[in-house]
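First comes the structure, then the notes that go with it.
The values are calculated or read from the model by the stated rules, or taken from the named source; none is laboratory data. Source: prediction; values computed, not measured. Cβ placement follows ideal geometry from the backbone for every residue including glycine, while neighbour counts extend to all protein chains displayed. Areas reflect the complete protein model, heavy atoms only, side chains present, ligands, DNA and RNA absent. Shrake-Rupley method; radii C 1.70, N 1.55, O 1.52, S 1.80 Å.
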Amino acid sequence: QVQLVESGGGLVQPGGSLRLSCAASGGIFSIYTMDWYRQAPGKQREWVARITGTGFTNTADSVRGRFTISQDNVKNTVYLQMNDLKPEDTAVYYCSLEEGGLGYWGQGTQVTVSS
């Protein structure tokens with residue numbers, strides 16, 4: 001059973017940084033796609049960033065240049081480094097794994113950007 005566990009969220013002031021982690025377990029993790037999404041109160045879930053098993057990465061226009069996605073294949077962990085955070089980045093952040101045609105979601109971690 002694949003499990004995804006996010007961590008690293010919290011309260012940060014505008015301009016600050018956080019690093020989110022998504023630890024995966026219970027799968028093979030060879031050919032996969034891992035995405036970060038976020039959902040702010042009253043808004044639809046928004047795609048943020050992607051990384052694949054081959055190392056391809058992509059980020060949404062709204063966070064490009066501020067957020068970086070990376071992975072540690074030994075630890076089966078994907079990271080989202082978030083710099084220059086803005087109040088509009090406030091949301092619950094979720095990681096999502098697709099492998100072998102199946103999809104999995106983590107429980108989410110809250111990020112709040114406020115002074």
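Using the Karplus relation 6.51 cos²θ - 1.76 cosθ + 1.60 with θ = phi - 60°, the per-residue 3J(HN,Hα) values for region 63-75 come to 10, 4, x, 10, 10, 10, 9, 8, 8, 10, 5, 5, 8 Hz, with x marking Gly and Pro. Per-residue 3J(HN,Hα) values for region 88-105, derived from phi via the Karplus relation 6.51 cos²θ - 1.76 cosθ + 1.60 with θ = phi - 60°, read 6, 7, 4, 4, 8, 9, 10, 9, 9, 10, 10, 8, x, x, 10, x, 9, 10 Hz in sequence order (x marks Gly and Pro).
Candidates Val12, Gly101, Val2 compared by Cα position along the dipole of the chain: farthest toward the positive end lies Val12, with charges placed on Cβ. Close amide H contacts of Gly16 (hydrogens built in the peptide plane, cut-off under 5 Å, sequence separation of 5 or more or a different chain): Leu85.
Distances between placed amide hydrogens fall under 5 Å for Arg45 paired with no residue 5 or more residues away or on another chain.
Relative to the globular-protein estimate of 2.2 N^0.38 Å, the Cα radius of gyration of the chain stands at 1.01. The residues of the chain expose on average 53 square angstrom of accessible surface per residue, using a 1.4 Å probe on protein heavy atoms.
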